[in-house]
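The values are calculated or read from the model by the stated rules, or taken from the named source; none is laboratory data. Because the structure is predicted, anything quoted here is derived from the model rather than measured. Using ideal geometry, Cβ is built from the backbone for each residue, glycine included, and neighbour counts are taken over all protein chains shown.
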Amino acid sequence: MDPDAQAEPTFEPSTVQAVIFDIGGVFTYPHYGPVETKLTELGLNQPADLDAYRRAHHIGVHALAEVTGPFDEFDERTQDFWRIYDDAYARSLGIPDEHLDASRVAIRGAWNWPHQENIDAFHRLHASGMPTANVSNNSGTAPQQMQEHGVCQVLEGGPLPRVVAIIDSSLVGVAKPDPMIMTPALYALGVAAEHALYVGDTVQADVAGALAAGMQVVQLDPFDTHASYGHSRVPDVSSLVDQLSTA
């Protein structure tokens, strides 16, 4: 994807009336455990810092952004699509090309590694009174994932912050970057698209989908892997909350 085509104005915090969050790459990541095991099996050095595994995810996301096209050509259900991500992820950890095929199953492990700092910052945003929701390309278990990782819930009366909706692509039958997936969340929030901010980690699904829906958007880019793109980026949810709270 041409970075120049993604040059968009920065979002305006003072106009944001609600925030919709992605899940994967924001609150959860692919668990590093299976990849760590694969590195050991291959006789390769493990990263000294667990952040290397999160960085590998964002490097994989960047690789997808560089080769995918408009949303009507986007299909994350295909093996070829995810191979781009897997190979960039693996190479960032020093896995040589001859072992890429053997590494893919490990890299596609469960998305059950929580990012606690982003979760805590989300709780801070919720406590400020900002209306929130989730929209995720997911497997049909997004509401359960949010509860299991202590992020949020839809029902009243529980211990977690309550969001107005958790939209899972497998349950509603439409996936980002198709802008229609945003419609139920916007309806539940009761805000116009231009006053809603979408927060995600990918260009081809999150940024493209939110812009197609007429929303403002900011990409979480903690390792500055998307510096060549013109849309708004922040390193973490805490930085975003700070911007919103001072608007």
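So here's what we get for this one:
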item	result
Cβ-Cβ under 9 Å pairs, at least 6 apart or on other chains, region 156-177 side under 21 Å from Leu211 (Cβ atoms), far side modelled with pLDDT under 95 and hydroxyl-bearing (Ser, Thr, Tyr)	Ser169/Ser139
Subset of region 83-108 that is surrounded by fewer than 17 Cβ atoms within 10 Å (Cβ to Cβ) and among the small types (Gly, Ala, Ser) - its residue that is farthest from Ala63 (Cα to Cα)	Ala102
Condition check for Thr202: buried (at least 22 other Cβ atoms within 10 Å of the Cβ), hydroxyl-bearing (Ser, Thr, Tyr) and at pLDDT 95 or above	yes
The one condition in (1) closer than 30 Å to Gly190 by Cβ; (2) surrounded by 13 or more Cβ atoms within 10 Å (Cβ to Cβ) that Ser14 fails to fulfil	(2)
Residue count, region 146-160 (criterion: touching a Leu at 6+ places or on another chain (Cβ under 6 Å) and under 13 Å from Ile23 (Cβ atoms))	1
Top-ranked residue in region 190-247 [being free of Cβ contacts under 8 Å to residues at least 60 places away in the same chain and touching a Pro at 6+ places or on another chain (Cβ under 7 Å); ranked as farthest from Ala133 (Cα to Cα)]	Pro235
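The rows are residues; the columns are (1) at pLDDT 95 or above; (2) over 19 Å from Leu189 (Cα atoms); (3) buried (at least 17 other Cβ atoms within 10 Å of the Cβ).
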| site | (1), (2), (3) |
| --- | --- |
| Asp120 | yes, yes, no |
| Ala127 | yes, no, no |
| Ala133 | yes, no, yes |
| Ser136 | yes, no, yes |
| Ser139 | no, yes, no |
| Ala142 | yes, no, yes |
| Glu148 | yes, yes, no |
| Gln153 | yes, no, yes |
| Glu156 | no, no, no |
